[in-house]
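Undergrad: I am attaching a structure below and will ask some questions about it afterwards.
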Amino acid sequence: MKTIAVFASASDRVSKKKKKQAYNIGRILGKADWKLIYGAGECGLMKQIVDGYLSTSPPCKPFGSTTKYISEIEKSAGQGKIHQVTCRSMSERKQLYMLADVVLVIPGGNGTTDELFEFLTYKQLALEAKKRGEEAQTWNGNILLLRAGVWESYVHLWENMYKQKMAPDWRNMVEIVEVGDLRYCLTDYIAKRKSMLLPNDRTGEVVYGGPYKAVPSRYVWNPVLCSEICVKCESVAEHVPGVGWYCTNEECFGNL
């Protein structure tokens, strides 16, 4: 049984749409029989993730990693609902996440960002060790980043750091996914394939991983809308998992 750690917001102020999305992600993880590790919070998107996960009657309860102080702020789910591990510090709290084969990062704030960048650093060190023919001494799983209108600015940051030769290519460390593609990513994550979808601002290409290949696209990434838009009519495009992108304008509707 494979293990996934989910980093997510503890804020109850997030939109209903994001809460529903998190709940559905929890259901996907439960149905796929993945063991879940998360931040143990009974609030925000963390609560939705674990509620969705438990609704599928998974073979084991999720593991929640927290500290005494955090559990008081975030109303910890408690032992009746999860296997709760109360750590002495934030650094110790993250040690439980190191048991995960895959890390999934969904919308979150500063805490989620901190966890993301720490595991990015672990991944970078592991890749450097591999280049030297050495065994990785740090965590070396897969990082899945949910495209949800939150992390896109970080992608531009990583691309800029890569261009200026201050960091390695982020594409070797992070896989950008949509909710609809998540079950496919978890099914064949062992192959460590490239992202199912990587929009390219410069060439206007959409690069598909797995059984797909690079194809010319009518749709380009719009960082303002945080979505793909149709070049022909500028309507927002909709992604159908395993099929491709479609224009949402019925008069312009068409596949690639």
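Undergrad: When the range 128-148 is examined, which residues are found to be loosely packed, with under 14 Cβ neighbours inside 10 Å and either within 25 Å of LEU29 (Cα to Cα) or polar (S, T, N, Q) (or both)?
TA: GLN137 - this is the single residue of the range 128-148 that is loosely packed, with under 14 Cβ neighbours inside 10 Å and either within 25 Å of LEU29 (Cα to Cα) or polar (S, T, N, Q) (or both).
Undergrad: Continuing with this model, one more query. Can you work out which of the residues in the range 155-169 that are at pLDDT below 90 and closer than 20 Å to ASN110 by Cα is surrounded by the fewest Cβ atoms within 10 Å (Cβ to Cβ)?
TA: This residue is HIS156.
Undergrad: So if I check each of GLY80, GLY52, which one is among the small types (Gly, Ala, Ser) and in contact with a helix residue (DSSP H, G or I) (Cβ under 9 Å, 6 or more places away or on another chain)?
TA: GLY52
For (1) buried (at least 17 other Cβ atoms within 10 Å of the Cβ); (2) in a loop (DSSP other than H, G, I, E, B), each residue gets a yes or a no:
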{"position": "MET46", "(1), (2)": "yes, no"}
{"position": "VAL50", "(1), (2)": "yes, no"}
{"position": "THR56", "(1), (2)": "no, yes"}
{"position": "LYS61", "(1), (2)": "yes, yes"}
{"position": "SER65", "(1), (2)": "yes, no"}
{"position": "TYR69", "(1), (2)": "no, no"}
{"position": "GLY80", "(1), (2)": "no, yes"}
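Undergrad: Could you grab me the full set of residues in the range 19-44 that are assigned to a loop (DSSP other than H, G, I, E, B) and closer than 16 Å to CYS185 by Cβ?
TA: Of everything in the range 19-44, those that are assigned to a loop (DSSP other than H, G, I, E, B) and closer than 16 Å to CYS185 by Cβ turn out to be ALA32, ASP33, TRP34.
Undergrad: Here's a follow-up. Just one of ALA8, ALA40, ALA32 is under 22 Å from ARG183 (Cα atoms), in contact (Cβ under 8 Å) with a residue 12 or more places away in the chain and buried (at least 22 other Cβ atoms within 10 Å of the Cβ); which is it?
TA: The unique qualifying residue is ALA8.
The values are calculated or read from the model by the stated rules, or taken from the named source; none is laboratory data. Since the structure is predicted, the reported quantities are computational estimates derived from the model, not experimental observations. Virtual Cβ from ideal backbone geometry, glycine too; neighbours counted across all protein chains shown.
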